[in-house]
Each structure stands twice: as C-alpha cells, then as structure tokens.
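What follows is a set of notes on a single structure, which appears directly below.
The values are calculated or read from the model by the stated rules, or taken from the named source; none is laboratory data. Since this is a predicted model, take the numbers as computed values, not measurements. Here Cβ is always computed from backbone atoms with ideal geometry, including for glycine, and neighbour counts include all displayed protein chains.
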Amino acid sequence: MSKIAYTAAQVFTGTDMLRNHAVIASDNIIESVMPIVSVDDGVEIVNFGEDAVIAPPFLDIQLYGAAGRLLSVYPDAATVQAIVDYSKEGGAAYCIPTVATNSYEVIFACVDAIKAYWNQGGKGALGLHVEGPWINPVKRGAHIEQYIFSPTVEQVKELLEYGRDVIKIITLAPEVCSREIVALIRSYNIVVSAGHSNATYHEACDMFTSGIETATHLYNAMSPLQHREPGLVGAIFNHNTIKCSIVPDGFHVDFAAISIAKKIMKDRLFIITDAVTTTTEGPYQHYLAGDKYEANGILSGSALTMAKGLKNLVEKVHIDLPEALRMCSLYQGKLLSLTDEKLLLKAGYPAEMVVLNKDLGVERLIVA
C-alpha cells in the first residue's frame, strides 16, 4: 500500500499543536508526523484544507442510546452499533455504551449486547458503563427509584461475575457502598466513579482513599459545594488526583460553572455527552425538549455529540483548542488506562484521527 500524507493547517498529536504538518501513514500505521515541506515526492497527499485540524479521535465514556434505540430497551448488537455510529458522527472512534439504574435482568442483557457486538466483529465499543443501581435515591435525578438499593457483597459479586471483562466503569454513591465493595469492584479491573451521591465532604474524601478514581457528571446529581458543607463537589475540587466528567451542553451545567471547575481541576476534568435518544418504551421514556432530553419532566440526558461538546468548550467556556481536545480524548483515556496508541498521533501507532473543519465540525473520521 502506498504512503499517504494527511495534511492540514494544524495537527494536534494529543499533546502538541503543530502547524503545517502532515501525518504520514502506510498500511494504516503512522510512520511519522513531519512538516509538510519535508514530505517526499511520490507520496499521496490528502489535504483537508487551510482551516482544518487533524487530531486523535474522541472517546465518549457515557451515552445510553442512539437512533431511537435505548440500550436498556433494545439490548442487542444493533443498538450497540447505532451507539457506535452516533459516536463516530461526533468524532468519537471509541465509546462506552451505558445503562442507567435498572434491574439485574436488564443490566445482564446489556452485557450480552456488548458481547454479541464483539462476537460479530464490531469495533469501537470498549465495554459497558453501569450507572447505578447502587446510588443514593436522594440524588437519583431521572433514575428509577424502585431499582435503587445498597448492595451486599454477594449482590456485587453476582454482577461483577456476569459482566467480567465487559463492564469497564461502575458509577455508585460512595456513602451507600462499603470500602470492601469498592475494593472488590477494583479487583475486577473496573473503574469506580462516584455519582448520584449525597455524600458529605468528609464521607467523599474518606472514600476517595479506597480506590475511587473519578466522579460522574460534575455538579449533576451530587451534593453541592456550600460554605458550611462542601459536599461531593467540594471534595472533588479539593482533591489532587480525582478526575471527573462534565456535560458541556449549557443545560446540565452553566458554562461559567464549567470554567470555574476547569480553573480548579485542570487536567482532571474531561467531557462526556451523556446522550440519550427518544424512546416511548420501558421505564425511561426520554423525549427531546429543545436541545436536551427529559423524562417525566426531569432533565435526563443531552443531545450532544463529542464534537458539539468540543465546540462549546472553545466558544462558550473559552478553553484553548489544544486543551479542549485533550478533554475529549486524552484524559478519559488515561483514566481507563488505554495505551497511548489510541490517544496520540505518533510513529508506530494506528493511523486513526478526526479531521475538524473551521467550525470544529467533523469533516472526516479515519479509523484503522
């Protein structure tokens, strides 16, 4: 296969923004990233234009459905494919489909859906994010209260065994799960995220020492920062290593609140879409209300893609493009312990990249 030089005004490697560079690839592997003027004669050049940006593809670790197929309602390979396709439209080559608080029967079916997708050769879905049911009903948001409970060790083992090697993230309320349970989940190589929680500041800080690495959708469905009780938000802000996702659609969180969080958390903050889809079946009946989704009158999910989230970070939160790009891929990838080859444009790594136009829309997604 001939060499291809992908060129654009800017190439973001995952760490550095380079001007007038090219990504040289052969057989879907990056050979080098070099100045355009250094490209050898005879190399096929694919030029995306003077205003384009080439960057590593995005990674969305929390979204629930797409194209009218909510994973918890249609737990099958076709739904996983629809979620992957939706993610790709927004520049995310990789995603983690998510199931919100539900019965074990439904969660097990979602595990089976991921397995079926993989068995069919499907790519792009890295596993399953289980959000709940071990959360605090006080901060349930749109989650269904009848399925929420504080688990025993045996109940946790049942879920972990069924979801072995498929479940990648579990969101739980730290105040309703013991240290033993958190340690057990971590022993299955699963990321534990604090969310839908009414933990006090001291409860949260205490549990952060037990293996919890991150938190789910900052500000939403968690005890707020107040001057006499800093809550989970305050504990996240004041910690040195705890990471957290945030939903940058302007509805889940005011853009000014994202700016405040970014100044405090720096590289510990990353974005998710939290995207759902219209559905009239099952306990979660989401409907589009403007540019967001609601269920029973409660905010229940976003209509974001990762590219829309990136655009909001740059234009509404005024975060520099290189850092905003890191918030779309690098930081959540590090949380999941993904290898650099999925996160960086570098010699020897797969030639996977997203091409953005001047409006930060997706011009093309290239996957190996």
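Search the range 247-300 for residues being assigned to a loop (DSSP other than H, G, I, E, B) and without any contact (Cβ under 8 Å) to a residue 40 or more places away in the chain, and hand back the single one that is farthest from Phe237 (Cα to Cα). Before you say what the answer is, go through the steps one by one.
Of all residues in the range 247-300, those assigned to a loop (DSSP other than H, G, I, E, B) come to 247-254, 272-274, 276-286, 290-291, 296-297.
So of that shortlist, the ones also without any contact (Cβ under 8 Å) to a residue 40 or more places away in the chain come out as 253-254, 280, 285, 290, 297.
Working: Val253: 16, Asp254: 17, Thr280: 38, Gln285: 33, Gly290: 31, Gly297: 30 Å.
The residue in question is Thr280.
How many residues are loosely packed, with under 12 Cβ neighbours inside 10 Å and aliphatic (A, V, I, L, M) when one looks only at the range 24-55?
1
Inspect the range 51-64 for any residue being farther than 30 Å from Val247 by Cβ, in contact (Cβ under 8 Å) with a residue 40 or more places away in the chain and assigned to a loop (DSSP other than H, G, I, E, B) and give the result as yes or no. Before the answer, list the steps.
Narrowing the range 51-64 to residues farther than 30 Å from Val247 by Cβ: none.
No, every residue in the range 51-64 fails to be farther than 30 Å from Val247 by Cβ, in contact (Cβ under 8 Å) with a residue 40 or more places away in the chain and assigned to a loop (DSSP other than H, G, I, E, B).
Where in the range 302-346 are the helices (runs of 4 or more DSSP H), entirely inside, with at least 2 residues that are closer than 17 Å to Gly90 by Cβ and out of contact with any Leu (no Cβ under 6 Å at 6 or more places or on another chain)? Steps first, please.
Values: elements: 306-315, 321-326, 330-335.
Because the criterion is at least 2 residues that are closer than 17 Å to Gly90 by Cβ and out of contact with any Leu (no Cβ under 6 Å at 6 or more places or on another chain), the helices (runs of 4 or more DSSP H) in the range 302-346 that meet it are 306-315, 321-326.
Between residues in the range 103-124 that are at positive phi and residues that are assigned to a loop (DSSP other than H, G, I, E, B), which pairs lie under 9 Å by C-beta distance while being six or more apart or on different chains?
Gly124/Val367
Of everything in the range 195-212, what is part of a loop (DSSP other than H, G, I, E, B) and touching a His at 6+ places or on another chain (Cβ under 9 Å)? Give them in sequence order. Steps first, please.
To start, the set of residues in the range 195-212 that are part of a loop (DSSP other than H, G, I, E, B) comprises 195-196, 198-200, 211-212.
Within the range 195-212, Gly195, His196 qualify.
Among Val166, Val191, which is the only one that is touching a residue at least 40 places away in the same chain (Cβ under 8 Å) and touching a helix residue (DSSP H, G or I) at 6+ places or on another chain (Cβ under 6 Å)? Break it down into steps so the answer makes sense when it comes.
Numbers: Val191 fails: touching a helix residue (DSSP H, G or I) at 6+ places or on another chain (Cβ under 6 Å).
Result: Val166 is the single residue among Val166, Val191 that is touching a residue at least 40 places away in the same chain (Cβ under 8 Å) and touching a helix residue (DSSP H, G or I) at 6+ places or on another chain (Cβ under 6 Å).
Output the residues belonging to the range 25-50 that are touching a strand residue (DSSP E or B) at 6+ places or on another chain (Cβ under 7 Å), closer than 18 Å to Ala347 by Cα and either of a type in the set (S, T, N, Q) or assigned to a loop (DSSP other than H, G, I, E, B) (or both).
Scanning the range 25-50 gives Asn28, Ser32, Val39, Val43.
Between Ala215, Ala221, which is modelled with pLDDT of 95 or more, among the small types (Gly, Ala, Ser) and touching a His at 6+ places or on another chain (Cβ under 8 Å)? Steps first, answer last, please.
On the way: Ala215 fails: touching a His at 6+ places or on another chain (Cβ under 8 Å).
That would be Ala221, the only listed residue that is modelled with pLDDT of 95 or more, among the small types (Gly, Ala, Ser) and touching a His at 6+ places or on another chain (Cβ under 8 Å).
Could you tell me whether Lys334 is free of Cβ contacts under 8 Å to residues at least 40 places away in the same chain, surrounded by fewer than 19 Cβ atoms within 10 Å (Cβ to Cβ) and under 20 Å from Leu310 (Cα atoms)? Even if it seems obvious, please write down each step before you answer.
Working: free of Cβ contacts under 8 Å to residues at least 40 places away in the same chain: yes; surrounded by fewer than 19 Cβ atoms within 10 Å (Cβ to Cβ): yes; under 20 Å from Leu310 (Cα atoms): yes.
Judged against the criteria, Lys334 is a match.
Exactly one of (1) crowded, with 24+ Cβ neighbours inside 10 Å; (2) under 18 Å from the mean Cα position of the chain (by Cα) is unmet by Val84. Its number?
Failing condition for Val84: (1).
Please state which one of Ala295, Ala275 is aliphatic (A, V, I, L, M), within 30 Å of Glu105 (Cα to Cα) and modelled with pLDDT under 95.
Values: Ala275 fails: modelled with pLDDT under 95.
Exactly one residue qualifies, and that residue is Ala295.
Mind telling me which of the residues Leu218, Leu225, Leu232 ends up being assigned by TED's automatic domain parsing to the domain that holds Gly309 and under 17 Å from the mean Cα position of the chain (by Cα)?
Working: Leu225 fails: under 17 Å from the mean Cα position of the chain (by Cα); Leu232 fails: under 17 Å from the mean Cα position of the chain (by Cα).
Result of the check over Leu218, Leu225, Leu232: Leu218.
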